[in-house]
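Colleague: The structure's right below; bear with me while I get my questions together.
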Amino acid sequence: MNNANNEYIIVYNIGELITSSDPWIINNAAIVIEKGNGIIKDIDKNITIKDKYDLSKHETIDVKGDPVLPGFIDSHTHFVFGGYRADEYLWRLDGQSYSEIMKKGGGIVNTVDATRKTSFKDLIDTGKNRLDNYLQQGVTTIEGKSGYGLNIETEIKQLDVMRSLNNQHPIDVVQTFMGAHSVSREFKDDKDGFVNYVIEEMLPVIAERDDVSFCDVFCDEGVFTIEQTKNILTKAKSLGLKPKLHVDEIAYVGGAELAAEIGAVSAEHLLKVSDEGISRMAKNNVTPVILPITAFSLQEKYAPARKMLENGLDVAVSTDFNPGSSHSYSIPLLLSLSAIKLKMNLKEIVKAVTINAAKALDRDEFIGSLEPGKFADLIILDAPSYEHLIYNIGGNIVDTVIKKGSIVHKKDKLQYEKNNIMKGDK
Ligand code: NIG
Ligand code: FE
């Protein structure tokens, strides 16, 4: 019996504990968390933990039989931006394509104009609000991309906003520099000039920061070519930024093959990926990040998730929250589309938003599964079993969110019982 006082936080009476590791499920389980650092010390059957630790001497959280899972990880978002593009969404519903709108001078550069004009404080306020929404849905780590500045000043503003939000919000924000998201208006007729500007002017400044982990490039038809992307990512790598890629979304360009060749951590979108690209990603340990809400919103064919899974790839799925192609931070929608449209099974889906998403962020050593040595980022569901994550269509069934051992969210309580609501017929 361990008798040290108040050293641990013990989460107990867990009905189903989904570890995202081996064994996949432990029924009637408990988790022991080190109080100082929020790291998991022990996981076992309830009865065994109660034997090993005197619960009365530690802080405890009684889960009362509900399911517990690792916190969700949203591994591909563009959540810091100014303005909106609701008009473009309605044009798309009228039949115009994302590429047509981009060619007409709309798309990403419109959000660039708005983001350049938006103050740091306003970007913090909207960013925080978005993170609060994510948190209530069980997200404990999120990736955020710059790329709505396309000049040094505003790219830095976006990264500074993310750094500040990371410091003030329970969600960990992993930062990706995406200066090559689109060609800026200043370089409209000189794409090579813009690529040169990213390589020579932006990257050296960004790489000086210690808060940016990745460099991403939109490599696709009408955006950056394979050659340009290779040049940007080769320089990024030499400066210590790990490569990520937006590829094969609008058209097949051999982007997954490039991701494999360059040693990218992840390749994302992949609506038009080739069989060869899939097998090269598998051989080179590239994590595919599939974005089904984007395919839904663009009314495009979904990425071939089953083919990737059959090739042994650790598929991650993510919201791709942004003002254009996927104006959604809905985790329930993401899970539903993964089941119905990507044809993934429950276990594959849970892995896709936990351990595989952690791999896409190169953080699987620390997060993404519940095992000793990893951070105690976990969620408690308000449901009889974790199957309800996909059985419940579109509803948020997350009750409690725990980040590094501390409760950071509990489902809001409705207020109508204590307020005196007047009905018309009374
Ligand atoms: O991931 N595909 C490129 N970038 C974003 C879209 C950004 C936008 O339309 O503002 C994406 O879908
Ligand atoms: Fe994206």
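Colleague: Closer than 26 Å to LYS103 by Cβ and either modelled with pLDDT under 95 or hydroxyl-bearing (Ser, Thr, Tyr) (or both) - does that describe any residue in the range 257-267?
Modeller: no
Colleague: In the range 351-380, which residue that is part of a helix (DSSP H, G or I) and touching a strand residue (DSSP E or B) at 6+ places or on another chain (Cβ under 6 Å) is surrounded by the fewest Cβ atoms within 10 Å (Cβ to Cβ)?
Modeller: LYS359
Colleague: Pick from LYS242, LYS237: which is closer than 16 Å to ALA180 by Cβ and touching a residue at least 60 places away in the same chain (Cβ under 8 Å)?
Modeller: Matching residue, one of LYS242, LYS237: LYS242.
Colleague: Going by what's in this entry, would MET162 be described as surrounded by fewer than 22 Cβ atoms within 10 Å (Cβ to Cβ) and within 16 Å of ligand 2 (Cβ to nearest atom)?
Modeller: no
Colleague: Mind checking whether some residue in the range 214-221 is in contact with a Phe, Trp or Tyr (Cβ under 8 Å, 6 or more places away or on another chain), over 21 Å from MET308 (Cβ atoms) and either away from ligand 1 (no atom under 15 Å from the Cβ) or free of Cβ contacts under 8 Å to residues at least 12 places away in the same chain (or both)?
Modeller: The answer is no, given that none of the residues of the range 214-221 is in contact with a Phe, Trp or Tyr (Cβ under 8 Å, 6 or more places away or on another chain), over 21 Å from MET308 (Cβ atoms) and either away from ligand 1 (no atom under 15 Å from the Cβ) or free of Cβ contacts under 8 Å to residues at least 12 places away in the same chain (or both).
Colleague: Yes or no: GLY240 on the phi > 0 side of the Ramachandran plot, more than 16 Å from ligand 2 (Cβ to nearest atom) and either outside any strand (DSSP E or B) or surrounded by 15 or more Cβ atoms within 10 Å (Cβ to Cβ) (or both)?
Modeller: Taking the combined requirement at face value, the residue satisfies it.
Colleague: For the range 307-331, enumerate the residues that are within 12 Å of ligand 2 (Cβ to nearest atom) and of a type in the set (Phe, Trp, Tyr).
Modeller: PHE321 - this is the single residue of the range 307-331 that is within 12 Å of ligand 2 (Cβ to nearest atom) and of a type in the set (Phe, Trp, Tyr).
Colleague: Conditions: (1) under 23 Å from PHE177 (Cα atoms); (2) within 13 Å of ligand 2 (Cβ to nearest atom); (3) not hydrophobic (A, V, I, L, M, F, W, C). SER297 meets all but one. Number of the miss?
Modeller: Here SER297 clears every test but (1).
Colleague: Which one of these is closer than 30 Å to THR294 by Cβ and either surrounded by fewer than 23 Cβ atoms within 10 Å (Cβ to Cβ) or away from ligand 2 (no atom under 16 Å from the Cβ) (or both): GLY65, GLY71, GLY36?
Modeller: Going through GLY65, GLY71, GLY36 in turn, just one is closer than 30 Å to THR294 by Cβ and either surrounded by fewer than 23 Cβ atoms within 10 Å (Cβ to Cβ) or away from ligand 2 (no atom under 16 Å from the Cβ) (or both): GLY71.
Colleague: Another question, then. Take the range 266-286 and flag every residue that is β-branched (Val, Ile, Thr) and either within 14 Å of LYS307 (Cα to Cα) or within 16 Å of ligand 1 (Cβ to nearest atom) (or both).
Modeller: Residues satisfying the conditions are VAL273, ILE278.
Colleague: Another question, then. Scan (1) part of a strand (DSSP E or B); (2) surrounded by fewer than 24 Cβ atoms within 10 Å (Cβ to Cβ) for the single condition HIS246 breaks and write down its number.
Modeller: Single failed check for HIS246: (2).
Colleague: Only residues that are touching a Leu at 6+ places or on another chain (Cβ under 7 Å) and without any contact (Cβ under 8 Å) to a residue 60 or more places away in the chain: list them for the range 289-314, please.
Modeller: Listed by number, the residues that qualify are PRO292, ILE293, ALA295, PHE296, GLU300, LYS301, TYR302, ALA303, ALA305.
Colleague: Give me the pairs, please: first residue somewhere in the range 104-133 and assigned by TED's automatic domain parsing to the domain that holds GLN158 and surrounded by fewer than 16 Cβ atoms within 10 Å (Cβ to Cβ), second residue anywhere and among the basic types (Lys, Arg) and at pLDDT 95 or above, beta-carbon distance under 7 Å, and either six or more positions apart or on two chains.
Modeller: PHE120/LYS157
So that you can scan it fast, the table gives a plain yes or no per residue for (1) under 19 Å from GLN136 (Cα atoms); (2) under 13 Å from the mean Cα position of the chain (by Cα); (3) more than 16 Å from ligand 1 (Cβ to nearest atom); (4) not charged (D, E, K, R):
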| residue | (1), (2), (3), (4) |
| --- | --- |
| PRO323 | no, no, no, yes |
| SER336 | yes, no, yes, yes |
| VAL353 | yes, yes, yes, yes |
| ASP362 | no, yes, yes, no |
| LEU370 | no, no, yes, yes |
| ALA383 | yes, no, yes, yes |
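Colleague: Can you name the residue in the range 1-33 that is hydrophobic (A, V, I, L, M, F, W, C) and surrounded by fewer than 19 Cβ atoms within 10 Å (Cβ to Cβ) and, of all such residues, is modelled with the lowest pLDDT?
Modeller: MET1
Colleague: Only one of (1) within 25 Å of ALA29 (Cβ to Cβ); (2) surrounded by 18 or more Cβ atoms within 10 Å (Cβ to Cβ); (3) among the hydrophobic types (A, V, I, L, M, F, W, C) fails for LEU342. Which number is that?
Modeller: (1)
Colleague: Hey, among the residues in the range 295-316 that are within 12 Å of LYS341 (Cα to Cα) and out of contact with any Lys or Arg (no Cβ under 8 Å at 6 or more places or on another chain), which one's nearest to ligand 1 (Cβ to nearest atom)?
Modeller: Applying the filter and picking the extreme gives GLU300.
Colleague: If you don't mind, another one. For GLY138, state whether it is touching a helix residue (DSSP H, G or I) at 6+ places or on another chain (Cβ under 8 Å) and without any contact (Cβ under 8 Å) to a residue 12 or more places away in the chain.
Modeller: no
Colleague: So which of THR319, THR294 is touching a Phe, Trp or Tyr at 6+ places or on another chain (Cβ under 6 Å), surrounded by 24 or more Cβ atoms within 10 Å (Cβ to Cβ) and either at pLDDT 95 or above or on the phi < 0 side of the Ramachandran plot (or both)?
Modeller: Answer to the check: THR319.
Colleague: Can you tell me which residues in the range 68-79 are more than 16 Å from ligand 1 (Cβ to nearest atom) and in contact with a helix residue (DSSP H, G or I) (Cβ under 8 Å, 6 or more places away or on another chain)?
Modeller: Matches in the range 68-79: LEU69, PRO70, PHE72, ILE73.
The values are calculated or read from the model by the stated rules, or taken from the named source; none is laboratory data. Remember, it's a predicted structure, so these values are computed and weren't measured experimentally. Quick reminder, even Gly has a Cβ in these numbers, built from the backbone with ideal geometry, and neighbours come from all protein chains shown.
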